[in-house]
Amino acid sequence: MENHCDQRLRNKISVNGQLFVTLLLSALQKTPKWVYQRAMHDGDADMLDNITTGTIVIEDLEIGMTRSLQKLVTDHDIELFAEVSTDRNPVHLDDDYARDTIFEGRIAHGMLTAGLISAVIGEQLPGHGTVYLGQTLKFMAPVRPGDMVHAEVEVMDIDYGRRRVTLATHCRVGDTVVLKGEAIVLAPSGKFD
């Protein structure tokens, strides 16, 4: 199903023939799709949508605030992560090898999944300008190609004087928690940044 934005881009390509727009559309089709989750309104079943990214300064943070995203992990994502990280463990890349492991099939890199937590922190809560100070991780279950991962962070503690925020972090596939941990970040401030 084609969305309105794609159709407008196609129209612009056919009218103007601009190389830039053609390249942009090509890149959008090849780029793994990030889907941010918004709160459901009035029982709306369409809960996958882009939400505004940016910054929530420390002065506006509250205990219990949460933000999340969903990402479909693809073979392409795993291959790109292997290339960038240089982690070419065959359990991630080789079907035959991975079938004979305790996972009985290929799995995504654990740090690829953990990177989704980083995306929520860096794009949404607290957002742009946030500096990671630490992160604990416990991998609970594997993520496989084709899994939809839901990554969520929740504000647990705020130290306004030091601009430190403690966040509970977890990722799940369906009802299964695949990763959990805690992040400590330096949050941006409206007073100093």
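The values are calculated or read from the model by the stated rules, or taken from the named source; none is laboratory data. Owing to the predicted nature of the structure, the values given are computational and were not obtained by experimental measurement. Ideal geometry is used to build each Cβ from the backbone, glycine not excepted, and the neighbour counts take in all protein chains shown. Surface accessibility is based on the protein's heavy atoms, side chains included, excluding ligands, DNA and RNA. Shrake-Rupley method; radii C 1.70, N 1.55, O 1.52, S 1.80 Å.
The table below gives the values:
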{"quantity": "Label point 7 Å beyond Cα of R162 along Cβ direction - residues of segment 95-137 with amide nitrogen under 17 Å", "calculated": "131-136"}
{"quantity": "Long-range HN-HN contacts of V178 with modeled amide H, under 5 Å", "calculated": "C171, R172, V173"}
{"quantity": "Simple label model, 7 Å out from Cα along Cβ direction - T86 to E154, nm", "calculated": "3.9 nm"}
{"quantity": "Pairwise FRET efficiency - I102 versus D60, Cβ, R0 = 30 Å, nearest 0.05", "calculated": "0.10"}
{"quantity": "Label-point separation, D95 to A141 (7 Å along Cα→Cβ), nm", "calculated": "2.4 nm"}
{"quantity": "R0 of 45 Å, Cβ-Cβ distance T74-L186: FRET efficiency to nearest 0.05", "calculated": "0.90"}
{"quantity": "Exposure of D157 as accessible area (Å², to 10), given a probe of 1.4 Å and all protein chains", "calculated": "80 Å²"}
{"quantity": "By average C-beta atoms within 10 angstrom, highest first, the peptides 149-156, 136-143", "calculated": "149-156, 136-143"}
{"quantity": "Interatomic Cα distance distribution for segment 122-193, bins of 10 angstrom, percent", "calculated": "19, 45, 26, 9, 1"}
{"quantity": "For segment 102-142: rounded, prolate or oblate by the Cα gyration tensor [a/c cutoff 1.5]", "calculated": "prolate"}
{"quantity": "Cα radius of gyration and Dmax for segment 40-172 (Å)", "calculated": "17.0, 54"}
